[in-house]
Each structure stands twice: as structure tokens, then as C-alpha cells.
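Peer 1: What follows is a single structure, and I will ask about it in a moment.
Coordinate-derived values only; no laboratory data. A quick note: this is a predicted structure, and the numbers were derived from the prediction, not measured. Cβ coordinates were reconstructed from backbone atoms using ideal geometry, including for glycine residues, and neighbour counts include every protein chain displayed.
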Amino acid sequence: MNPFDVAVFPAPTHSNAFVDIVIRAARKRWGVENFAPYGRSGHAQHGVDITGSDQRGRVIAIQCKSSSNLRPGTFDDEVREAEGFVPAPQEFV
């Protein structure tokens, strides 16, 4: 059994802490260190909070949502917004 299947972690106290956790997870997932925050809160980001590329150079864009109150269409909205991101991500998480 994966220990993360039953682990309970405290919620981050600040949105930047959540972004930092996601960056660390992305670096581990794709085996590269180049993931970093994209833009700043309140600026046009096309739904992208973190960018990086995998070992093959494919652009990876990540949207962070640290919330327990998401409406059903939230993810569809974010994907539509990310379609305007340049360079176009090959993977959007």
C-alpha cells in the first residue's frame, strides 16, 4: 500500500506554500528541476501558475487550485483559458 493513500496532511496556510508543494511534486514527477512559478497573482497568466519542461523539452503547464469549494465547470474553464498560453503546453495539469 502506498503510504500517501492513507496519509492526512494539514492544509497549507498560504497559497504560495501550496504552489511550492506542487513545484516540488512536479520536479519529482518529471525528474527535472526547471519548474517554477509563472507570473503573479492578479496578472494575466492564462490559467497557468507553474511552468517547466520535461526531459524531452515538452512544455508542461500547471494550474494550482488550493480550494475545497470548486464548482463543476472550474476545470473546463481553466483548460479553455490555458489554450491562450504561449508557448502552447503539451501537457496541462
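Peer 1: So I have (i) 14.3; (ii) 13.3; (iii) 17.5, and one of them is Kirkwood radius over Cα pairs in Å calculated from this model. Which one is it?
Peer 2: Checking each listed value against the structure points to (i).
Peer 1: In angstroms, what radius of gyration and Dmax does segment 25-67 have, counting Cα atoms only?
Peer 2: Using the Cα atoms of segment 25-67, the pair Rg, Dmax is 10.8, 32 Å.
Peer 1: Multiply the residue separation of residue 75 and residue 56 by 0.36 nm, subtract the distance between their alpha-carbon atoms, and state the gained length in nm to one decimal.
Peer 2: Separation in residues times 0.36 nm, less the Cα-Cα distance, equals 4.2 nm.
Peer 1: Mean separation of Cα pairs under 8 Å and 6+ residues apart, divided by the residue count of segment 38-93: what relative contact order is that in percent?
Peer 2: Numbers: 67 pairs, mean separation 21.9, N = 56.
Reported as a whole number, the value is 39 percent.
Peer 1: Within the chain, what's the longest run with no trypsin sites (Lys or Arg not before Pro) in a DSSP loop and at most 16 other beta-carbon atoms within 10 Å? Give the range, please.
Peer 2: 1-39
Peer 1: Efficiency by 1/(1 + (r/R0)^6): what FRET value for residue 86 and residue 11, r their Cβ-Cβ distance, R0 = 35 Å, to the nearest 0.05?
Peer 2: After rounding to 0.05, the efficiency reads 0.60.
Peer 1: Something else about it: At 222 nm, what helix-only mean residue ellipticity would the chain give, in deg cm²/dmol to the nearest 500, using -39500 (n - 2.57) for each DSSP H run of four or more?
Peer 2: Value at 222 nm, helices only: -8500 deg cm²/dmol.
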